[in-house]
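A short worksheet on the structure shown next.
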Amino acid sequence: MNRLFQFLKPLRLPIATVLTLVAIRVLSDLYLPTLTADIVNNGIVLGNTHHIIQVGIRMLTIAALGGAASIAASYQSARVAAAFARVLREKVFSRVESFSLPEFDKFGTPSLINRTTNDVTQLQMVLLFGLRLIVTAPLMSIGGIFMAFSLDPTLSLIFIAILPFLIIIITFIARRGIPLFRRVQKRLDSLNLVLREGLTGIRVVRAFNRDTYEGERFQKANLNYTTTAIQVQRTMAIMRPVMMLLMNFTTIGIIWFGGLRIDSGFMQLGDLMAFIQYGMHIMFSLAMLSMMFVQIPRATASAHRVVEVLDTVPGIRDAGVVTPIENVKGYLEFTDVTFSYPGAERPALSNISFQATPGQVTAIIGGTGSGKSTLSSLILRLYDVDRGSIHIDGIDIRKLALEDLRRKIGFVPQKAVLFTGSIEDNILFGNDGATTGDVIRAAKVAQAANFIEKMPAGYASLITQEGRNISGGQKQRLAIARALARKPRIYILDEFFSALDFRTGAQLRTALKKETGNSTVIIIAQRVSTIMDADQIIVLEEGKIAGLGTHKELLATCRIYREIASSQLTEEEIA
Ligand code: ADP
Ligand code: MG
């Protein structure tokens, strides 16, 4: 919680304004009943019209002042709360952006989205109410009780009588509310998870006729959420009528006992009316306070979730002292690298050692799940190795600044991801300093220029959400253009030939060879034909190196490579 207060500091001034405005309003509310007593006792009861008009004008003025302050306070507090939420969202978002993949794995995307939106909104709401309440509740109840006491101490005992009831109600609500609100937030996370999976995977869901299954899954999560939400609302629904009941009983008590006291001449009629008003004010502010008790557990649950994100330090970050590198050559070396995903039973990679030199093509081949993509994530430091080390130009990559490291690498992920925006934007994503000439060149080498030029707006054509309006192969080619625009020293191409037809693949390989020149190239593939002519081929099997050498050498020495090759190629092709 304290963590969050620091974001309020820059908003000190507007907050002070709100508090002052609220105080003005409360003071006017506290003052008005004394005028009521005056106008009744000395004006109406005595039939003094002049006094009625005089006091009446004063009452109107003060009421107008209080009203104006109240409106201004609402306006200001809404602005403050919105500004706070904006800053908080920004902080959460930039923290999430700094996360490395293990943190994403830990929270899960739906939960991160909820924490950035829904949870922040909860905090915004509580701030909005809280700002008004923090002044109103104590000032109004203490001031009210003080004023009531000065009017009639005996009658004021009524307020002490209702106190235990109030405490009981508030404890009950807090006890029930806090765990329930936590649960609501959790259920909302799982609802979003199901929704997201169902929506992003809609094609698969349709293709496998799993609509009903998905529907049921959603129904279940939805029902879970609804049930908990209803439980919460039920608890909260009791609150308002019970408070109203208590308030009305208090009023009845005041009138009853006040009437008796007027009868016996201890009290004047106007004082009784003022007393009723104070009673209302006190009860109202206490009711507001108890509403706050409803909001606080909910906000606490949200605050925890937000702070959890803010307090998570990315496991993969720059070392205290980073080794600067200029003019990277791209010499890459794995030394006895072992890596397991968090919580996995066995390592995804074990004892991997190899070197990849500039100007050479290093191919990695192996079945699905053999650890090829994992290996490429380690070079980018999306995950850190458990044992062993990875060096670039002789420097351990953990000693490099992440930005320096990644800037030197042109990565084409297995699943091409594009962003909403124009084609040019997407290519510039690799290097926003690139010129239009660079963009076109990158597109040409990537064999993407042809289809881009055929599109109605050429390079300005828009890619819709996640690149749905272009084919898988076109996406792949834009992804490689993006990597090329970077002019990196190390290329990592993860199975990107798989989405290309044979002819385009061959053309791309020839063009790439010229372009990549003396860079280090790592090509991940499943098909032997795409990597046969690589300078060295690493055969991965269940996370271990099963063979390392050229196509010819591996055919002679590596049983697994021979099996892969003979299952894909004819006898002549192998030779
Ligand atoms: P390949 O690219 O060769 O098909 P991967 O490197 O993607 O294989 O996966 C290697 C192994 O690591 C697989 O057993 C896979 O289930 C596991 N794996 C991949 N990504 C993750 C992840 N984010 N969390 C846990 N396990 C993973
Ligand atoms: Mg893979």
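Okay, here's what the table says:
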read-out: Centre separation in Å (Cα based) which lies between region 533-572 and region 469-517; value: 23
read-out: Zero-based 5 Å bins, Cα pair distances in region 245-285, whole percents; value: 6, 26, 31, 20, 11, 5, 0
read-out: Using distinct alpha-carbon pairs, which all enter the 1/r mean, Kirkwood radius of the chain in Å; value: 29.8
read-out: Cα-projected label distance for Lys513 with Leu13, points at 7 Å along beta-carbon direction, nm; value: 6.7
read-out: Inter-probe distance in nm under a simple model that places probes 7 Å from Cα toward Cβ, at Thr335 and Asp384; value: 1.7
read-out: Distance in nm between pseudo-label sites at Thr200 and Leu260 (7 Å out along the Cβ direction from Cα); value: 7.0
read-out: Carbon and sulfur %, accessible surface of the chain computed with the full protein complex present, 1.4 Å; value: 61
read-out: Prolate/oblate/rounded label for region 11-311 (Cα gyration tensor, a/c 1.5); value: prolate
read-out: At 0.890 mPa s and 25 °C, Stokes D of region 332-574 from Kirkwood alpha-carbon radius, µm² per second; value: 132
read-out: Crossing angle, helix 12-38 versus the chain [Cα axis fit, 0-90 degrees, rounded to tens]; value: 20
read-out: Formal net charge of residues neighbouring Ala448 (Cβ-Cβ distance under 12 Å; K, R +1; D, E -1); value: +4
read-out: Cross-link pairs Lys487/Lys513; Lys444/Lys513; Lys106/Lys475; Lys399/Lys487 - those with Cα-Cα distance over 18 Å; value: Lys106/Lys475; Lys399/Lys487
read-out: Region 306-412 pair-distance distribution - Cα-Cα, 10 Å bins, rounded %; value: 13, 44, 33, 10, 1
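The values are calculated or read from the model by the stated rules, or taken from the named source; none is laboratory data. Note that the structure is a prediction, hence the values are computed from the model and not measured. Positions of Cβ are generated from backbone atoms using ideal geometry, with glycine treated the same way; all protein chains shown enter the neighbour counts. Calculation scope for accessible area: heavy atoms of the full protein, side chains included, ligands and nucleic acids excluded. Shrake-Rupley method; radii C 1.70, N 1.55, O 1.52, S 1.80 Å.
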